[in-house]
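**Student:** Questions regarding the structure given below will be posed in turn.
What follows is calculated from the coordinates using simple rules that are stated; it is not laboratory data. Note that the structure is a prediction, hence the values are computed from the model and not measured. Neighbour counts are summed over all protein chains in view; Cβ atoms, including those assigned to glycine, are modelled from backbone coordinates with ideal geometry.
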């Protein structure tokens, strides 16, 4: 299944590239993308092509913070009808929960999740992590796209919470590329790198903030529109399986039975659905491992032994064999960017 993204995600690419003397349209055309669609709410583009375009532009034009620089050109309206619902719910928490459930209106390649901060459970002030991830069709570097997603998540929640917004810290799964302070200034809070996910740690008071004059009736009307008209973007077993694998890989047992259990379905039924969609559990798991291994090896400095366990391997030797089989290079060669 080709994973799509609202074309409004391209907003800011033209301005950021052209301000540096580069021809943004020429670069976009290399990846089959038309920047005229950036202002068209009902157009969709390939998520993979978008991610490749940003990575190419960032490297070729020496724009290591391209994703951060594009984010200010985005407002909540880029989410299409989703923006009308989340802006008219009673609280920020409800807005985030709704966005997590229906973010496929923006792109089925994006997933949002939330979980409590364990180290704060015994303190008087608690916090909640809001994470965002991207699942692509093929192993593709996408640090810039992830930067845009986390930056937008930060800015949009800040707009909803207003003066009650409190970001404790942010984490990203890649290295700062010698621009640590740029990230700290952008988020207005400490940013840590080389983690296993992209996420914001927000105070619970932020999430409990009540929105100003929400229009509940409007949110119900638009919600019905979303439920009726966007079912085709969501719900494939391939996408749901990939999301679960990405969440549990390297953290717990990640086999067909474990994933099926989390999807509340029998393993054989899951395999039948995946077969109907032209894939299998093993194919999807291999694709996710390729994607995560490539990202960790090329975008972070995580030690090989730790990295092996993060992608579900008990030994570094298994990672070496996997990389040679799927990339034709050793992990060390990949890390040196020789692929």
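**Student:** Give me the Å³ per residue figure for the convex hull around the C-alpha atoms of the chain.
**Tutor:** 149 Å³
**Student:** Moving on. Along Cα→Cβ, 7 Å out, is where each label goes; now give me the distance between the ones at residue 252 and residue 227 in nm to one decimal.
**Tutor:** 3.0 nm
**Student:** Here's something else I'd like to know. How high is the relative contact order of the chain? Use alpha-carbon pairs under 8 Å, at least six apart in sequence, and give a whole percent.
**Tutor:** Averaging sequence separation for qualifying contacts and normalising by length gives 16 percent for the chain.
**Student:** Among 223, 147, which comes first, then next, by fewest other beta-carbon atoms within 10 Å? Display every interim value, and only then the final one.
**Tutor:** Details: 223 18, 147 25.
Ordered by Cβ neighbours within 10 Å, fewest first: 223, 147.
**Student:** Measure out, as a whole number of angstrom, how far apart the alpha-carbon centroids of segment 8-37 and segment 111-184 sit.
**Tutor:** 25 Å
**Student:** How big is the C-alpha Rg of segment 85-181 next to the rule-of-thumb value 2.2 N^0.38 Å, as a ratio?
**Tutor:** Against the compact-globule rule of thumb, the ratio is 1.17.
**Student:** What is the mean projected area of the alpha carbon convex hull for segment 237-335, to one decimal in square nanometres?
**Tutor:** The Cα convex hull of segment 237-335, projected and averaged over all directions, gives 6.1 nm².
**Student:** A further question on this structure: Between residue 75 and residue 19, what length in nm is gained on full extension when 0.36 nm per residue of separation is reduced by their alpha carbon distance? List each step's numbers first, then the result.
**Tutor:** Numbers: separation 56, 0.36 × 56 = 20.16 nm, distance 2.03 nm.
Net length gain for the segment: 18.1 nm.
**Student:** Please report 244, 259 as a ranked list, fewest other C-beta atoms within 10 angstrom at the top and most at the bottom.
**Tutor:** 244, 259
**Student:** For Cα pairs less than 8 Å apart in space and 6+ apart in sequence, what is the mean separation divided by the residue count of segment 66-207, i.e. the relative contact order in percent? Let's see the in-between values first.
**Tutor:** Values: 213 pairs, mean separation 37.0, N = 142.
Averaging sequence separation for qualifying contacts and normalising by length gives 26 percent for segment 66-207.
**Student:** For the chain, what is the calculated [θ] at 222 nm in deg cm²/dmol (nearest 500), taking -39500 (n - 2.57) for each run of four or more DSSP H residues and dividing by its residue count?
**Tutor:** -14500 deg cm²/dmol
**Student:** Using Cα pairs closer than 8 Å and at least 6 residues apart in sequence, work out the relative contact order for segment 284-339, in percent.
**Tutor:** Values: 38 pairs, mean separation 17.1, N = 56.
The normalised contact order for segment 284-339 reaches 30 percent.
**Student:** Taking the beta-carbon count within 10 Å as an exposure proxy, list 286, 206 from fewest neighbours to most.
**Tutor:** Neighbour counts put them in this order, fewest first: 286, 206.
**Student:** For the chain, set up a Gaussian network in which alpha carbons nearer than 10 Å are linked by springs, and say which option among 213, 61, 52 fluctuates the most.
**Tutor:** 213
**Student:** For q = 0.15, 0.17, 0.21, 0.24 Å⁻¹, what log10 I(q)/I(0) does segment 141-253 give under the Debye formula with an equal point scatterer on each alpha carbon and no solvent?
**Tutor:** Listed by q, the Debye log ratios stand at -0.93, -1.08, -1.17, -1.22.
**Student:** Separation between the residue 192 and residue 315 pseudo-spin-labels, each 7 Å from Cα along Cα→Cβ, expressed in nm?
**Tutor:** Distance between the two pseudo-spin positions: 3.2 nm.
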